[in-house]
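Written out below as structure tokens is the structure these notes cover.
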Amino acid sequence: MDSHTKESSLQRTFSIVKPDAVRKGHTGGILAMIEAAGFRIAAIKKLSISKPQAAGFYAVHAARPFFESLTTFMSSGPIYVMVLEKENAIADLRKLMGATNPANAEEGTIRKKFAGSIEENSIHGSDAEETAKFEIGYFFAGYELE
Ligand code: GDP
């Protein structure tokens, strides 16, 4: 495999350290697990989002009964948004995150270790290539990515 082929197999995904984890001081622990799993942090920034901004991000969930609560939660405090890079990044991050409901999350996953509830579950990760593209573009301009 030449270097060009190798480089082209890298994939990017989008992730958020959610407000519950930032509040509890778990940002460092979560980033350590992400880096230990082989991801490169291509971009990261801390910010707070408004409820309408959270609603725009989670627009696909607008019809869900928990949408109101989810957007209130996501705008309740600072978050870290980031772009993560590795081979098979999207699927591998989902695996490292664990199940949406931490009660069902496997040992060794971020949600098993840090999440408090099905809503306050510490981390977001894109679920598909199209989603990753939308989510990276929602929070990052091209010049912020290296
Ligand atoms: P994810 O891909 O594992 O993050 O899960 P989903 O895409 O299904 O849901 C998006 C986010 O909505 C989750 O990470 C939770 O924060 C929240 N969420 C999902 N299901 C529920 C639920 O049944 N109740 C509540 N309150 N929040 C939920």
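Being open to solvent by 50 Å² or more (accessible area, probe 1.4 Å) and within 9 Å of the ligand (Cβ to nearest atom) is the filter; apply it to region 114-139 and report the residue that is farthest from the chain's Cα centre (by Cα). If you could, list the steps in order and put the result at the bottom.
Going residue by residue through region 114-139, those that are open to solvent by 50 Å² or more (accessible area, probe 1.4 Å) are 116, 118, 120, 127, 129-130, 133-134, 137-138.
Among the residues that remain, those that are also within 9 Å of the ligand (Cβ to nearest atom) are: 118, 120, 127.
Working: Ile118: 15, Glu120: 13, Asp127: 10 Å.
In this case the residue turns out to be Ile118.
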Worksheet item: Which ones in region 61-75 are touching a residue at least 24 places away in the same chain (Cβ under 8 Å) and within 12 Å of the ligand (Cβ to nearest atom)?
Response: Phe66, Ser69, Leu70, Phe73, Met74
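Only one of these is among the small types (Gly, Ala, Ser) and either away from the ligand (no atom under 12 Å from the Cβ) or touching a Cys at 6+ places or on another chain (Cβ under 7 Å) (or both): Ala91, Ala105. Name it.
Details: Ala105 fails: either away from the ligand (no atom under 12 Å from the Cβ) or touching a Cys at 6+ places or on another chain (Cβ under 7 Å) (or both).
Only one candidate passes the filter, namely Ala91.
The values are calculated or read from the model by the stated rules, or taken from the named source; none is laboratory data. Everything numeric here is computed off the predicted structure, so don't read it as measured data. Note that each Cβ is placed from the backbone with ideal geometry, even for glycine, and that neighbours are counted across all protein chains shown. Calculation scope for accessible area: heavy atoms of the full protein, side chains included, ligands and nucleic acids excluded. Shrake-Rupley method; radii C 1.70, N 1.55, O 1.52, S 1.80 Å.
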